[in-house]
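Where a number appears in this text, it was derived from the coordinates with a stated rule and is not lab data. What you see is a predicted model, and the numbers here were worked out from it, not measured in a lab. Cβ atoms come from the backbone with ideal geometry, glycine included; neighbour counts cover every protein chain shown.
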Amino acid sequence: MKQALQIARDAELDVVEVSPNANPPVCRVMDFGKFIYERAKKEREAKKSQTKIEVKEIRLRPKTNVAHRGFKVDDARRWLLAGNKVRVTVKFRGREMDYPEIALEDLKEIAASLEDVSVVEAAPQMEGRTMLVVLAPSKGAVKKKEKAEPTASEKEAPA
């Protein structure tokens, strides 16, 4: 240990204990401040490259008509193609709680209409006075959309 400290002093560096449980303990001579800086820099870079998946929500009621539900499904399709998850909730009021099968049927229809761009992540389930299903984008759907967008050079080319 004294020899390691002497080597570090001569090189004007720090002695860092790498593996204290080893026999004998493993130490390393390095510039500890630079090491901490480099590690923080790598963590920042890793954080930048992470993708944050946002969960969008569609709220319906058992009495929501088919046309209005269609607009909501179109929004969900757009969000799924953008790579977001979608939570579809059906909120019950009063005696609507006596007929959960209506909401279950609605949620199954919505999941069926979006099955080309999504997969059901959480099956329909009751939570208090709401029934919900979570849809996640399918692997191929997001890639198809990225390929479908024209590049800058294609936009500028005359038709």
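Normalising by the residue count of segment 1-122, find the relative contact order in percent from Cα pairs under 8 Å and 6+ residues apart.
Working: 97 pairs, mean separation 22.3, N = 122.
Result for segment 1-122 is 18 percent.
A simple rule links phi to the HN-Hα coupling: the Karplus curve 6.51 cos²θ - 1.76 cosθ + 1.60 with θ = phi - 60°, which for segment 98-104 gives 6, 10, x, 5, 5, 5, 4 Hz, with x for Gly and Pro.
Is the C-alpha gyration tensor of the chain telling us rounded, prolate or oblate? Criteria: a/c under 1.5 is rounded; beyond that, a/b larger than b/c is prolate, otherwise oblate.
On the way: a/c = 4.81, a/b = 2.12, b/c = 2.27.
Oblate, because a/c is 1.5 or more while a/b does not exceed b/c.
What the Cα convex hull of segment 2-49 gives, in volume per residue, is 69 Å³.
Once you list every other residue whose beta carbon is under 14 Å from the beta carbon of ASP98, what net charge do they have if Lys and Arg are +1 and Asp and Glu are -1?
On the way: positive: LYS63, ARG93, ARG95, ARG129; negative: GLU96, GLU101.
Result for the neighbourhood of ASP98: +2.
Extension gain for the segment ILE7 to ASP98, taken as residue separation times 0.36 nm less the Cα-Cα distance, is 24.8 nm to one decimal.
Translational diffusion coefficient of segment 55-144 (Stokes-Einstein, Kirkwood radius from Cα pairs, 20 °C, 1.002 mPa s): 164 µm²/s. By the rule of a C-alpha distance below 29 Å, with chain neighbours fewer than 8 residues away ignored, the lysines paired with LYS139 are LYS42, LYS47, LYS48, LYS52, LYS56, LYS72, LYS85, LYS108, LYS147, LYS155. Remark: C-alpha extents of segment 22-91 on the principal axes read 73, 25, 15 Å, sorted largest to smallest. Farthest towards the positive end of the charge dipole of segment 55-144, among the residues LEU60, GLY83, ALA136, is the Cα of GLY83, using unit charges on the Cβ of Lys, Arg, Asp and Glu.
Taking amide H as placed 1.01 Å from N in the peptide plane, the amide H of ASP14 sits under 5 Å from that of MET30, ASP31, PHE32, each at least 5 places away or on another chain.
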